[in-house]
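Every number here is computed from the coordinates shown, using simple stated rules; none is lab data. It should be emphasised that the depicted structure is a prediction, and the values quoted were computed from it without experimental measurement. Methodologically, a virtual Cβ is constructed for each residue, glycine included, from the backbone with ideal geometry; neighbour enumeration extends over all protein chains shown.
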Ligand SMILES: NC(=O)C1=CN([C@@H]2O[C@H](COP(=O)(O)OP(=O)(O)OC[C@H]3O[C@@H](n4cnc5c(N)ncnc54)[C@H](OP(=O)(O)O)[C@@H]3O)[C@@H](O)[C@H]2O)C=CC1
Ligand SMILES: CC(C)(CO)C(=O)C(=O)O
């Protein structure tokens, strides 16, 4: 088999998403370095176990670290912990990204790339939206339930569209070799608003209504509420001059109907009394839309409810 690209990868946050994609890259032959937290001892000794609808596999030996200072500078640094930990970015990023490397933010939400650009410069940042259903079910044990596509885009100050670049294609080739479905997007802000069409209704309502995605879709009233929230997200995108087509909303509804009954990542965090990604998934989009003069009343109410529940639940 051709040798893998000589690009090195750092996974910051080896959980449901980072553990899955990092393991697939290593399995395909890439040079991957995993930063862990409470799972470090276990993974350093036992490696990673991946259950996947695309085929289970184990990686008995992985390059595991509990300290980013011990990691080599890498070509691609994937930010894959929850955005509730992003206050750590100024400490974690500088030493692990090569001078000519790039930080690839695979987190959900809006506004993270701006924070990363302030740390590493705006020329070394990309964003990625992952349509993946994956859970970390134990130390170093990832369960990939459904989907898996990643959509990449370049970042620029003001989120101006940067088109498709050579480095996007190079990294996409690595993911493609790892068997990960890839899409390249010319416009990161549009891609992030598109992902919020899914995240805002389902992550939010799954917590507020204590419901899985199939339950929300199976009730006529909550299904109507999901659609109304999706249209509000589209209105938020439009306030930023990004147009989300009606067909995209229909596709998101259809994907969810076909999705295995799923507890969203925010619902899992709520049930496990972890802080919720409310500010990046709800607060930042609301603030950006409001700056542009758009009022999003249903999303605002969902945000207020989530802030109440988050404060009561995890502190
Ligand atoms: N899960 C999914 O299917 C999807 C998730 N996303 C997004 O991806 C991002 C990551 O989510 P997900 O993978 O589910 O989250 P997880 O909680 O499963 O994984 C995050 C990992 O980061 C680790 N971590 C936390 N703090 C540190 C630290 N200081 N240093 C190193 N590692 C650390 C955690 O370790 P520990 O547990 O020991 O604290 C955990 O293993 C989120 O923005 C989420 O919204 C997007 C699409 C799908
Ligand atoms: C849309 C979905 C379910 C998969 O990408 C997700 O983003 C999440 O669980 O947070």
Exercise for review: Taking just the C-alpha trace of segment 183-241, give me its Rg and Dmax in Å.
Suggested key: 12.7, 37
Check your understanding: Going by how many other beta carbons lie within 10 Å of each one, how would you line up 71, 266, fewest first?
Key -> 71, 266
Revision key, fill the gap. Contact order relative to length for segment 107-212, counting C-alpha pairs under 8 Å separated by 6 or more residues, stands in percent at 24 percent
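With a cut-off of 8 Å between alpha carbons and a minimum separation of six or more residues, what is the relative contact order of segment 1-100 in percent?
After rounding, I find 32 percent.
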Exercise for review: For segment 90-149, count the residues as N, evaluate 2.2 N^0.38 Å, and divide the Cα radius of gyration by that value, please.
Suggested key: 1.35
Practice item. Over segment 8-186, consider all pairs of different Cα atoms and compute the Kirkwood hydrodynamic radius from their mean reciprocal separation; express it in Å, one decimal. Key: 16.1 Å
Study note, to complete from the structure: Scoring the chain by relative contact order with C-alpha pairs under 8 Å, at least six apart, yields a percentage of 15 percent
Check your understanding: What fraction, in whole percent, of alpha-carbon pairs in the chain exceed 24 Å separation?
Key -> 52 percent
Review point. When the convex hull of the Cα atoms of segment 157-280 is projected onto a plane and the area is averaged over all directions, what value comes out in nm²?
Key: 9.2 nm²
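Determine, for 247, 206, the number of other Cβ atoms within 10 Å of each Cβ, and report the residues in order from fewest to most. Please report the intermediate quantities before stating the final value.
Values: 247 8, 206 23.
Lowest count first: 247, 206.
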Check your understanding: How do 213, 300, 14 line up, fewest other C-beta atoms within 10 Å first?
Key -> 300, 213, 14
Exercise for review: Mind jotting down the distance between the C-alpha centroids of segment 232-285 and segment 115-191, whole Å?
Suggested key: 17 Å
